[in-house]
Structure formats: structure tokens, C-alpha cells
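So the structure is just underneath, and the comments pick up after that.
The values are calculated or read from the model by the stated rules, or taken from the named source; none is laboratory data. Only a predicted model underlies this, so the values are computations on that prediction, with no experimental measurement involved. Note that we place each Cβ from the backbone using ideal geometry, even for glycine, and neighbour counts take in every protein chain shown. The protein model used for the area step is the full one, side chains on, heavy atoms only, and it has no ligands, DNA or RNA in it. Shrake-Rupley method; radii C 1.70, N 1.55, O 1.52, S 1.80 Å.
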Amino acid sequence: MNISGHTRVFLILGDPVEQVRAPQVYNHLFERHGVDAVLVPAAVPPEHLSGFVRHVLTARNIDGLWLTIPHKSAVLETLDRVDPLGRVAGAVNAVRRNADGTLEGALFDGLGFVKSLDHHGLPVAGRSVLVLGAGGAGMAIAASLAQRGAGALALYDPTAGRAADVVERLSGAFAVAARVAASADPAGYDLVINATPLGLKASDPLPLDVTRLDGGAAVVDILMKNQPTPLLRACHARGITAHPGFEMLVQQMPDYLSFFGFDTIAEALRDDPTEVRGLLAD
């Protein structure tokens, strides 16, 4: 990769960032399509996020940010504008600097997730769904599921009040029966989503009791690291339909690229995402 003083620079902020797969994929796409741009990971502690975002985007060649755990919600306080899904979910995963200097955020996790369900042939409308984890990714997924017409939506998060806050926002914005789940018990749900960080470390417990899943239920684990995750392996051992989160990333990539002005790459990816799937599967 030939980086020069003309290169457009983008950063993906997280804490940690060791698990992120976006740089290898987007940088491949930039090079493949002859675009002079680069995406670089940056490990930014939560207590420094606000100051970092404000200062780094004063650099005229740094055009935008990707956001991952745990910054998707906290970054909102630094933004001038947020798209509708981001406002409802209270989180964004992309920030750009506009021509007038304002900072604008958008949320693509949930859109990518529901498109990934389409790819896997898993319907949303009328289904009973449990989302584990009400952090940035969980909120994004819940908002898009509500927008898609999930029949019933339950959220569980061990942090007191976090799930209740998301449920309140969803109930005010969408015609969905949303509630706070009392536990991570997956019994009785058609679709269960792990949007927690459990599984990033080998020592982590499973986010749910796989023996409690209904036989016809489907599970999606959005973790991008340690594939197949312990949860996916446990589900497969029991014969439960379970999918990794890679397709969620694939499906949101065209929206990300268009947001940052790379419409030509976005259109090519919509036409054929096969190459990207291969990169993420490696």
C-alpha cells in the first residue's frame, strides 16, 4: 500500500481493537479499486474518547471514523448530527467530517444485521426475538429489528437500567412489543442474538444456556473473533441453526462506503460481495 500526503485517512476506534477485521477488508477494497485511502485501528480508552474525536478530526486529511466496542454510544456527545436509526438506538458506528466542519454520525450495524438475516433466510416479521447485550451493537440490532416488524422483542443486559433505556426508546419510535428480559434464558424465542463480548476470551462463559434453546430456534453470534465461537460450536453440537456475524459486516459495508463517499466501490460490492466474504472467512 502506497501511503502519501494525498492519502485519505480513516480510523477505527475501539478498546480493545485486536479483534477488528474491518481494516484488512476495507484496505483491500481501496487498493483493489485504486482508491488512495487507508483505514487504521486506534486503541482509544473510554475516558479519552471525546477529546480524541474532537482533536483528530481537525486534521484535514483524516476524513472519518469507524466506531466499535465500547465507543458507539459514548461518541454521540461529540456529534452535531445523527441519522434517525442512530438517534433511536443511541449509538452510531460511523462518523464523518462534513464540508462545513460539522461531525455527523450514522448507524449501520442494525441495517447490516437484518440484511444478513435475509441472506440466511431467517424472517423477522412476527418473530419472537431475544437480544443479549444492550450496548452499541445490541441497541443498533434491536432498533433495526423493531423497524423490520419483529413480533416481540426482548433485551437483556446485566448492567442495571441499560436494557430498560433501549426498550423505552424503541417503544416510543416503533410499533413493537418490546420488553426487558429478566435473564438470558433463551427458552421460548424464535431468534436469539448474542451482542455481548462474551466469547472474545477463551475463559469467557457462554452468554446463554444452549440446552434451553427451543429446537426450532436460530442463533446469531455477532462476534468476529475466535470463529467459530464457543456459542456457535455449542449450538451446532445440539443441532441448533446458528450463524456467525461475518455476514452482518458484509451487508453493511456498501452503506459505510456510500456514507464516506465511495459510491463506486459500494455499488460493486452490492453487485457481488463474494470476494469480501472470502476475506472475512480467512
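Select, from Ser50, Ser116, the only residue that is open to solvent by less than 30 Å² (accessible area, probe 1.4 Å) and more than 15 Å from the chain's Cα centre (by Cα).
Ser50
Condition test on Val250, is it open to solvent by less than 40 Å² (accessible area, probe 1.4 Å) and over 22 Å from Gly126 (Cα atoms)?
For Val250, the condition - open to solvent by less than 40 Å² (accessible area, probe 1.4 Å) and over 22 Å from Gly126 (Cα atoms) - is met.
Please enumerate the residues belonging to the range 220-249 that are over 17 Å from Leu200 (Cβ atoms) and among the hydrophobic types (A, V, I, L, M, F, W, C).
Scanning the range 220-249 gives Cys235, Ala237, Ile240, Ala242.
Could you grab me the full set of residues in the range 197-215 that are open to solvent by 20 Å² or more (accessible area, probe 1.4 Å) and modelled with pLDDT under 95?
Pro197, Leu198, Leu200, Lys201, Ala202, Ser203, Asp204, Gly215
Restricting to strands (runs of 3 or more DSSP E) lying wholly in the range 137-205: which have 1 or more residues that are under 22 Å from Met224 (Cβ atoms)?
Filter on the range 137-205 gives 152-156, 191-194.
Just for the range 167-194: of the residues that are crowded, with 20+ Cβ neighbours inside 10 Å and over 21 Å from Gly126 (Cβ atoms), which one is nearest to the chain's Cα centre (by Cα)?
Applying the filter and picking the extreme gives Asn194.
Just checking, how many residues over the range 53-74 are modelled with pLDDT of 95 or more, over 30 Å from Pro273 (Cα atoms) and within 20 Å of the chain's Cα centre (by Cα)?
Total meeting the criteria: 1.
What are the residue pairs meeting all of these: first residue in the range 234-248, first residue under 11 Å from Gly216 (Cα atoms), second residue surrounded by fewer than 20 Cβ atoms within 10 Å (Cβ to Cβ) and acidic (Asp, Glu), Cβ atoms under 9 Å, and 6 or more apart or on different chains?
Every condition considered, the pairs that remain are Ile240/Asp214.
Out of Ala37, Ala74, Ala59, which single residue is among the hydrophobic types (A, V, I, L, M, F, W, C) and closer than 23 Å to Leu200 by Cα?
Being among the hydrophobic types (A, V, I, L, M, F, W, C) and closer than 23 Å to Leu200 by Cα holds for just one of Ala37, Ala74, Ala59, which is Ala74.
Return the residues of the range 1-27 that are polar (S, T, N, Q), assigned to a loop (DSSP other than H, G, I, E, B) and open to solvent by 20 Å² or more (accessible area, probe 1.4 Å); say none if nothing qualifies.
If the condition is that a residue be polar (S, T, N, Q), assigned to a loop (DSSP other than H, G, I, E, B) and open to solvent by 20 Å² or more (accessible area, probe 1.4 Å), then Asn2, Ser4, Gln19 are the ones that fit.
Quick one: what pairs do we get from the range 257-282, first residue modelled with pLDDT of 95 or more, second basic (Lys, Arg), C-beta under 8 Å, 6+ apart or different chains?
As it stands, the answer is Phe259/Arg96; Phe260/Arg96, since those pairs meet every condition given.
May I ask you to list the residues in the range 77-96 that are farther than 19 Å from Val20 by Cα and either surrounded by fewer than 17 Cβ atoms within 10 Å (Cβ to Cβ) or at pLDDT 95 or above (or both)?
The answer is Glu77, Thr78, Leu79, Asp80, Arg81, Val82, Asp83, Pro84, Arg96.
Select from the range 28-42 the residues that are in contact with a strand residue (DSSP E or B) (Cβ under 9 Å, 6 or more places away or on another chain), surrounded by fewer than 14 Cβ atoms within 10 Å (Cβ to Cβ) and farther than 24 Å from Thr102 by Cα and list them in ascending order.
Result: no residue meets the conditions.
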